[in-house]
Amino acid sequence: MLCVSGYANLRLLSLQIQGYKRFGDSTLLRIRGRTLAVLGHNESGKTSLLMALAHLSRNGFAGATEFTDRTPRSASNHILTARFALETADIEAVEEALANRFVNGTISTGRHWHVFKRASGERRYETLMELTRDTEPRKQLAVLLQAASGSGWDLMPLSLQSDEQLVTVRDAMQRVAAIGSSDAQRLTENDLGALTSLKAEIDPWAEAAASSNAPLAELHRHLTRIEADERAELPSSTAAHTLFSRMPQFILFDEAARVLPSITPFTDSPSAALVNLLAAGGTTFEELASLAGLDDGGGELSELAKQVNLRLEELFHAWSQRRVCASH
């Protein structure tokens, strides 16, 4: 039996398996609907299929013993390829992760996204290359810096800096202004260092005079945001990481994982059944135990227990076998 935790996660559309246990040849499982029943004769590969799905939730394989005919595979071979649907909630999660970033491009519902598991046990996922860093703000910063260090230099609060500081700041402005012509998605480490150094020079200057000097205040705001954005990972990577965090957790329940003990002291190791139940409720045994060990953790522990029970009630209430797709 397989439980997929997280009913607001990405929706799995298909799983391609090649070289895993009974699936020596490339086999594609298409999933229609939210509930799937797998039917088949003994030794037909039902358990292998469920174990393959469970492998999507973790890194690693147990070695060649998990591969067809126990034959080692090249580390880069794709053993599992999962295809997910991007729905409205997934797009909104990506947009939230990229809020206040300089981004070109969009993704829309209907797009599919892939996760791969190699024979090495490593999980890799598709990068959303349609989302790129917008380099236009970089050019706008260059224009501001060229003006500030050139014709607008006398408008800066020069009296707040020593002659030596003014020379250093002006040179740093001109150095960073030259970066603005770059259309590269990633700046070099030297360029990033120049950007950060300029910000370090301007921060105290702006703090002392920003309220009374509009050009410096505008330059400082723009520089601060640009520096943060340039040091952040590429939008395509942020989007992919966000989607990866929304992958459902596939949990394989064997007999031991289906029987809950009536009492489990926090000093004991939790059973697999309890670990799975808590995962479905959005927490871990370790989190509960850590709160229980705090002198003042009783209130937080009670609140967390209520939240877990509410999640489980919602999950069980939403469970239905009215729509069951059968695959054999």
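The values are calculated or read from the model by the stated rules, or taken from the named source; none is laboratory data. Everything quoted here is computed from the prediction, not taken from an experiment. Here the Cβ positions follow ideal geometry from the backbone for every residue, glycine too, while neighbour counts run over all protein chains shown. When the accessible area is computed, the model is the full protein with side chains, heavy atoms only, and any ligands, DNA or RNA have been set aside. Shrake-Rupley method; radii C 1.70, N 1.55, O 1.52, S 1.80 Å.
Only a single item in (1) charged (D, E, K, R); (2) crowded, with 16+ Cβ neighbours inside 10 Å; (3) over 17 Å from the mean Cα position of the chain (by Cα) is not met by residue 69, and it is number (2). Taking the stretch 101-128 as the range and being open to solvent by less than 60 Å² (accessible area, probe 1.4 Å) and among the polar types (S, T, N, Q) as the test, only 127 passes. Kindly establish whether residue 264 is at pLDDT 80 or above, among the β-branched types (Val, Ile, Thr) and under 22 Å from residue 315 (Cα atoms). Taking the combined requirement at face value, the residue does not satisfy it. Of the residues 98, 144, 131, the single one that is more than 30 Å from residue 64 (Cβ to Cβ), open to solvent by less than 60 Å² (accessible area, probe 1.4 Å) and either of a type in the set (Asp, Glu) or more than 18 Å from the chain's Cα centre (by Cα) (or both) is 144.
Among the residues of the stretch 231-265, those that are in contact with a helix residue (DSSP H, G or I) (Cβ under 6 Å, 6 or more places away or on another chain) and hydrophobic (A, V, I, L, M, F, W, C) comprise 239, 250, 251, 252, 256, 257, 259, 260. The residue of the stretch 226-255 that is nearest to the chain's Cα centre (by Cα), among those that are among the charged types (D, E, K, R) and under 23 Å from residue 129 (Cα atoms), is 246.
The set of residues in the stretch 137-174 being more than 20 Å from residue 194 (Cβ to Cβ), among the polar types (S, T, N, Q) and part of a helix (DSSP H, G or I) consists of 159 alone.
Taking the stretch 79-114 as the range and being over 29 Å from residue 31 (Cα atoms) and touching a Ser or Thr at 6+ places or on another chain (Cβ under 9 Å) as the test, the residues that pass are 98, 101, 102, 103, 104, 105. Can you tell me which residue within the stretch 26-54, out of those that are surrounded by 15 or more Cβ atoms within 10 Å (Cβ to Cβ) and among the basic types (Lys, Arg), is modelled with the lowest pLDDT? So, considering only residues that are surrounded by 15 or more Cβ atoms within 10 Å (Cβ to Cβ) and among the basic types (Lys, Arg), the one modelled with the lowest pLDDT is 34. Considering the stretch 1-25, the residues that are modelled with pLDDT under 90 and assigned to a loop (DSSP other than H, G, I, E, B) include one that is farthest from residue 313 (Cα to Cα), namely 1. The set of residues in the stretch 94-139 being polar (S, T, N, Q) and either in contact with a strand residue (DSSP E or B) (Cβ under 8 Å, 6 or more places away or on another chain) or more than 26 Å from residue 76 (Cβ to Cβ) (or both) consists of 100, 104, 106, 108, 109, 132, 135. Considering the conditions (1) open to solvent by less than 20 Å² (accessible area, probe 1.4 Å); (2) under 19 Å from residue 115 (Cα atoms), residue 16 is excluded by exactly one of them, (1). Listed by first and then second residue, the pairs linking a residue in the stretch 157-179 that is without any contact (Cβ under 8 Å) to a residue 24 or more places away in the chain to a residue that is of a type in the set (Ser, Thr, Tyr) and part of a helix (DSSP H, G or I), with Cβ atoms under 7 Å apart and 6 or more places separating them unless they lie on different chains, are 170/149. Among the conditions (1) in contact (Cβ under 8 Å) with a residue 24 or more places away in the chain; (2) out of contact with any Asp or Glu (no Cβ under 7 Å at 6 or more places or on another chain); (3) among the hydroxyl-bearing types (Ser, Thr, Tyr), residue 88 misses just one, which is (1).
Of all residues in the stretch 175-184, those satisfying the criterion of being exposed (fewer than 15 other Cβ atoms within 10 Å of the Cβ) and assigned to a helix (DSSP H, G or I) are 178, 181.
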